[in-house]
Amino acid sequence: MAILTADHLTKKYPGEDTPALDDVSLSIEAGEFLAIVGPSGSGKSTLLHLLGGVDRPTSGSVQLYDTDIYKLNETQLAIFRRRQVGLIYQFYNLMPELTVAENITLPTELDGKTVPAAILDELLATLGLQEKRGALPSQLSGGQQQRVAIGRALIGQPAIVLADEPTGNLDQRNSQEIMDVLHQANAKSGQTIVVITHDPAIAAQAGRVITIEDGRLKEGR
């Protein structure tokens with residue numbers, strides 16, 4: 001069953017003759033672990049942002065379950081994205097004045113909900129951050145900060161988790177730890193994971209790999 005379908009997505013930026021994304025169609029199955037690979041400037045991050053409702057396409061559509069997300073207004077889209085899409089970025093994007101626990105629970109609290117203590121404790125244990133729950137981002141290593149960002153993306157049990165170069169700033173050991181956490185979320189909770197990467201070793205751990213070049217999808221496995 002397809003959880004997300006992109007149909008003829010095109011994205012053109014003002015002043016650019018060549019589209020960043022050129023007529024891309026893609027279907028992602030529920031519970032899938034997908035890697036999207038391509039060189040710098042290939043359009044992979046643009047594709048991820050369009051799939052997650054972060055940016056609007058010039059043309060085309062994205063449907064998550066039975067919702068055409070780009071038919072929503074900005075307020076509706078922001079709420080839908082907060083509830084249904086978990087986003088993980090290369091540069092963490094943590095709130096520097098908030099603790100580990102506060103950063104993780106922030107999206108849920110913005111939605112007017114409270115995270116049960118048992119659920120937060122379990123996630124912190126999975127992330128290996130039990131002893132860091134009261135620490136600020138400045139007191140964490142890069143790998144720990146990325147695990148906080150993953151926790152923030154997973155805490156609301158979103159329909160799909162989109163990770164943009166989640167290991168790009170990390171060494172090999174920390175990169176594998178991050179992938180292990182994502183695989184655990186995929187296997188234990190059945191969460192659909194899409195990872196953007198330029199690293200063949202990271203892509204090889206996905207269940208399916210597709211390649212994007214010059215804004216167009218190429219063959220994958």
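The values are calculated or read from the model by the stated rules, or taken from the named source; none is laboratory data. Being a predicted model, the structure only gives us computed values, none of them experimental. Don't worry about glycine lacking a Cβ; one is built from the backbone with ideal geometry, like all the others, and counts go over all protein chains shown.
State all residues of the stretch 160-173 that are surrounded by 18 or more Cβ atoms within 10 Å (Cβ to Cβ) and modelled with pLDDT under 90; if no residue qualifies, say none. Spell out how you get there, then give the answer.
Applying the first criterion (surrounded by 18 or more Cβ atoms within 10 Å (Cβ to Cβ)) to the stretch 160-173 yields 160-167, 170.
Matches in the stretch 160-173: Glu165, Pro166, Thr167, Leu170.
Between a first residue in the stretch 87-110 that is more than 18 Å from Glu122 (Cβ to Cβ) and among the acidic types (Asp, Glu) and a second residue that is at pLDDT 95 or above and surrounded by fewer than 21 Cβ atoms within 10 Å (Cβ to Cβ), which pairs have beta carbons less than 8 Å apart while being 6 or more apart in sequence or on different chains?
These pairs meet every condition: Glu97/Leu136.
How many of the residues in the stretch 152-176 are free of Cβ contacts under 8 Å to residues at least 40 places away in the same chain and either of a type in the set (Ser, Thr, Tyr) or outside any loop (DSSP other than H, G, I, E, B) (or both)? Before the answer, list the steps.
Keep residues of the stretch 152-176 that are free of Cβ contacts under 8 Å to residues at least 40 places away in the same chain, which gives 157, 167, 170-176.
Checking which are either of a type in the set (Ser, Thr, Tyr) or outside any loop (DSSP other than H, G, I, E, B) (or both) leaves us with 167, 172-176.
The number of residues fulfilling the criteria is 6.
Is it the case that some residue within the stretch 133-151 is crowded, with 18+ Cβ neighbours inside 10 Å, out of contact with any helix residue (DSSP H, G or I) (no Cβ under 8 Å at 6 or more places or on another chain), without any contact (Cβ under 8 Å) to a residue 60 or more places away in the chain and β-branched (Val, Ile, Thr)?
no
Picking from Ala101, Ala135, Ala78, Ala125, which residue would you name as being modelled with pLDDT of 95 or more, assigned to a helix (DSSP H, G or I) and either charged (D, E, K, R) or farther than 30 Å from Pro200 by Cβ (or both)?
Ala101
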